Amino acid sequence: MDSTISEPALLPERAPLLSTANDGMKIVIVGGFGVGKTTMVRSVSEIRPLNTEETMTQAGVGIDDDAGVESKTTTTVAFDFGRISLNASMVLYLFGAPGQERFWFLWDRLFSGTLGAVVLVDTRRLADSWYAIDRLEHHGTPFIVARNNFGEPDFSLEQVREALDLSADIPLIDCDARSRDSSKAVLIALLNYLYALSSAARETTP
């Protein structure tokens, strides 16, 4: 395997799974409510994503914190699922976790068998990212952090790193979850990080 992951080829919309695909990897996209997880899965998936978005109703008033995302009208109540082929044999399965606190009990199940994770952050609601990072660290799941830009960010990347208490070795990058190219770049960064971790582990193994 090369030391870096090349950019996945653009495949036709709703492309069937290639018969040569024999290596599947599970990636989870986590983060707070309204941060763009569903948008990222939708923008990068080569198939029509499975999503469990439901219309937000008055029942959530006083329960769901929509500060900063008041215009949001739908929310994920289980998970999003998408797929992207990296090459003829390697397939990435994407799971977008629900962001609302009342659905966090689903996260531990989603993390099962996960190779790595992307933590999407919105600088308007940085505190929402703490729980995601805590759970990933608890499970020992490698992750990178992507600042999803909804216009001009409120804080610099270094300020985000400091606020989230991220160690220097954890990649922190910019993205626009609405952009297919930008979302692909995030996934490539995660896979390269996972490969670097794997290589380092092999070098230290007697």
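The values are calculated or read from the model by the stated rules, or taken from the named source; none is laboratory data. Remember, it's a predicted structure, so these values are computed and weren't measured experimentally. Ideal geometry is used to build each Cβ from the backbone, glycine not excepted, and the neighbour counts take in all protein chains shown. Protein only, heavy atoms only, side chains kept; ligands, DNA and RNA dropped before computing areas. Shrake-Rupley method; radii C 1.70, N 1.55, O 1.52, S 1.80 Å.
Condition test on V119, is it open to solvent by less than 20 Å² (accessible area, probe 1.4 Å), in contact with a Cys (Cβ under 6 Å, 6 or more places away or on another chain) and not in a loop (DSSP other than H, G, I, E, B)? Judged against the criteria, V119 is not a match. Of everything listed in (1) among the aromatic types (F, W, Y); (2) under 12 Å from V35 (Cα atoms); (3) modelled with pLDDT of 85 or more, the single unmet condition for F150 is (3). Counting only residues that are assigned to a helix (DSSP H, G or I) and open to solvent by 90 Å² or more (accessible area, probe 1.4 Å), how many does the stretch 143-160 have? Total satisfying the criteria: 2.
Which of the following residues is in contact (Cβ under 8 Å) with a residue 24 or more places away in the chain and touching a His at 6+ places or on another chain (Cβ under 8 Å): F95, F150, F111? Only one candidate qualifies: F111. The lone criterion from (1) within 27 Å of E46 (Cα to Cα); (2) modelled with pLDDT under 95; (3) open to solvent by 20 Å² or more (accessible area, probe 1.4 Å); (4) in a helix (DSSP H, G or I) left unmet by L191 is number (3). Of everything listed in (1) of a type outside the set (D, E); (2) under 28 Å from V91 (Cβ atoms); (3) in contact with a Phe, Trp or Tyr (Cβ under 9 Å, 6 or more places away or on another chain), the single unmet condition for T123 is (2). When S199 is tested against (1) touching a residue at least 60 places away in the same chain (Cβ under 8 Å); (2) open to solvent by 50 Å² or more (accessible area, probe 1.4 Å); (3) farther than 23 Å from R83 by Cβ, exactly one condition is not met: (2).
For the stretch 161-177, a residue qualifies if it is over 13 Å from I133 (Cβ atoms) and open to solvent by less than 40 Å² (accessible area, probe 1.4 Å), and the qualifying residues are P171, C175, A177.
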